[in-house]
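*Asks:* Please find one structure pasted underneath; my questions will follow.
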Amino acid sequence: MRITMVGLGYVGLVTAASLAEIGHHVTCVDQDENKVRQLKEGILPFYEPGLRELITNLTSKSSLTFTTSLERSCLGAEVIYIAVGTPPNDDGTVDLSSLETVALQLAGYIKADVIVVIKSTVPVGTNDYVKRLIDEHLPTPVSVDIVSNPEFLREGTALHDTFFGDRIVIGANNPDAAKVIEEINKPFNVPIVKTTLQNAEMIKYASNAFLATKISFINEIANICEKVGADIADVAKAMGMDKRIGPQFLQAGIGYGGSCFPKDTRALMQISGNVAHEFALLKAVIDVNNKQQTLLVEKAKQRFGKLDERRIAVLGLAFKPNTDDIREAASLVVIEQLLTEGATVTVYDPVAMNNAKLVLNDQVLYAESVEAALKEADMALIVTEWEIIKQADLPKWRNLMNEPIIFDGRNCFDPSKMAEHNIEYHSIGRPVSM
Ligand code: NAD
């Protein structure tokens, strides 16, 4: 099919490449001229394992093309996907302005019957609203169907998640439109759930809120473990062996971040508030996470009293490994706390340094490697569980640091191993080892 993808962020670009890979002809559109120019040259706007190779291959076959012209991309398109950002407003509501802009532009450019698929995560009722918006502004009498197709990929494993996903959700009022989108997605060979627009919108928020709940739950258990002398690693492992619970999302740490969980949980609070439902459980999940992100620095303060004039290495900036995304990353909370305490902060991340520089500017020092960050540090704080950090040469770490003291927000190491190397090791939900 001839498909247009509007919005070339983490979701739009991965989805466009994946649809092209299974045989469709995809025209990718973004308003960001620099991004489009770079993509034409084979330069990706963000880090995602495997994506550059896939895109290079697809563009050489012309099954994936890039443009800034939404108007031209609409000519001959049978299906138009929208994957623009829906960031949070200050009050937690969802900023739909990019989506509204695209909808209004599309209304002017659509000249033949078409299906518009909304990939962006949007509050319940938004797909209906976008349909009304387009219909009201269509100068020509053509039929525009709306399909909600929320995205579940995770940054860092986005291609794997697309080709080996657990389900594809297709929400539509018109069964014919749903059928077309089902056919488009069939080659992925992933179970397809066809449902209403409202259900599809709610499935996305409910899924993310549930995963966030699992994380905050295990983090609270970890916090209690520390106080009663239990070890969260053993507790979570045995809990996860119960199939009703499952092992995933039971890793204790300093909380979730990223561009989805924080924003989507806050949005679901708003959605429930709008219908006068007090979502007490979700409020607690968010409160627990906010507190959890401050835990590492609190532990450091307890250990040292004051952190001013301390040289502190922060290892990992991305909100999780294998991405350069630092949106709402725990690292930003940690670094802000450290700077407020008067510490001198040196940071390192294998791929997120450029994004971090845009936010942190000259407030911190930027190291070229893990080792360079650790050199003469009074302590290290591990914020992202990158493989390069987990594969540490511990004797080297100990020798590089002024004092071999590590606060690990992601439980990367076995405490007994740290003790073997004479490193003082504070982690989450486990006894301190020295
Ligand atoms: P992003 O911010 O990385 O990318 C959005 C892109 O849309 C940008 O390139 C921007 O230039 C472009 N854009 C904005 N307005 C435009 C316009 N008028 N015309 C053309 N292009 C325009 O966003 P993302 O992280 O890919 O997320 C997109 C949506 O998918 C959001 O609703 C998000 O909640 C949802 N989602 C994201 C993830 C994720 O892991 N990032 C996962 C699932 C769902």
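The values are calculated or read from the model by the stated rules, or taken from the named source; none is laboratory data. Values in this document were obtained by computation on a predicted structure and should not be read as measured data. All Cβ positions, even for glycine, are placed from backbone atoms using ideal geometry, and neighbour counts span all protein chains on display.
*Asks:* Looking at the stretch 321-352, which of the residues that are hydroxyl-bearing (Ser, Thr, Tyr) and either surrounded by fewer than 24 Cβ atoms within 10 Å (Cβ to Cβ) or not in a helix (DSSP H, G or I) (or both) is farthest from the ligand (Cβ to nearest atom)?
*Replies:* That would be THR344.
*Asks:* Quick one: GLN105 ticks every box in (1) exposed (fewer than 15 other Cβ atoms within 10 Å of the Cβ); (2) near the ligand (Cβ under 9 Å from one of its atoms) except a single one, so which number is it?
*Replies:* If we test GLN105 against (1) exposed (fewer than 15 other Cβ atoms within 10 Å of the Cβ); (2) near the ligand (Cβ under 9 Å from one of its atoms), just (1) comes out false.
*Asks:* Continuing with this model, one more query. Taking the options ASN361, ASN355, ASN289, name whichever one is within 29 Å of ARG154 (Cα to Cα), loosely packed, with under 14 Cβ neighbours inside 10 Å and modelled with pLDDT of 95 or more.
*Replies:* None of the other options fit; the residue is ASN361.
*Asks:* Looking at the stretch 269-284, is at least one residue free of Cβ contacts under 8 Å to residues at least 24 places away in the same chain, of a type in the set (D, E, K, R) and within 27 Å of SER427 (Cβ to Cβ)?
*Replies:* There is no residue in the stretch 269-284 that is free of Cβ contacts under 8 Å to residues at least 24 places away in the same chain, of a type in the set (D, E, K, R) and within 27 Å of SER427 (Cβ to Cβ).
*Asks:* From the residues in the stretch 81-100 that are within 20 Å of ASN149 (Cβ to Cβ) and not in a loop (DSSP other than H, G, I, E, B), which one is nearest to the chain's Cα centre (by Cα)?
*Replies:* Only one residue tops the list, namely VAL94.
*Asks:* Do we find that VAL116 is crowded, with 23+ Cβ neighbours inside 10 Å and away from the ligand (no atom under 12 Å from the Cβ) in this structure?
*Replies:* On the way: crowded, with 23+ Cβ neighbours inside 10 Å: yes; away from the ligand (no atom under 12 Å from the Cβ): yes.
Against the criterion (crowded, with 23+ Cβ neighbours inside 10 Å and away from the ligand (no atom under 12 Å from the Cβ)), VAL116 qualifies.
*Asks:* How many residues are in a helix (DSSP H, G or I), within 20 Å of the chain's Cα centre (by Cα) and surrounded by fewer than 16 Cβ atoms within 10 Å (Cβ to Cβ) when one looks only at the stretch 236-273?
*Replies:* Number satisfying all stated conditions: 0.
*Asks:* Those residues that are among the aliphatic types (A, V, I, L, M) and surrounded by fewer than 23 Cβ atoms within 10 Å (Cβ to Cβ), I need them from the stretch 378-388; list them, please.
*Replies:* Scanning the stretch 378-388 gives a single hit, ILE388.
*Asks:* Only one of GLY108, GLY12, GLY42 is without any contact (Cβ under 8 Å) to a residue 24 or more places away in the chain and either part of a helix (DSSP H, G or I) or over 25 Å from THR265 (Cβ atoms) (or both); which?
*Replies:* On the way: GLY108 fails: without any contact (Cβ under 8 Å) to a residue 24 or more places away in the chain; GLY12 fails: without any contact (Cβ under 8 Å) to a residue 24 or more places away in the chain.
None of the other options fit; the residue is GLY42.
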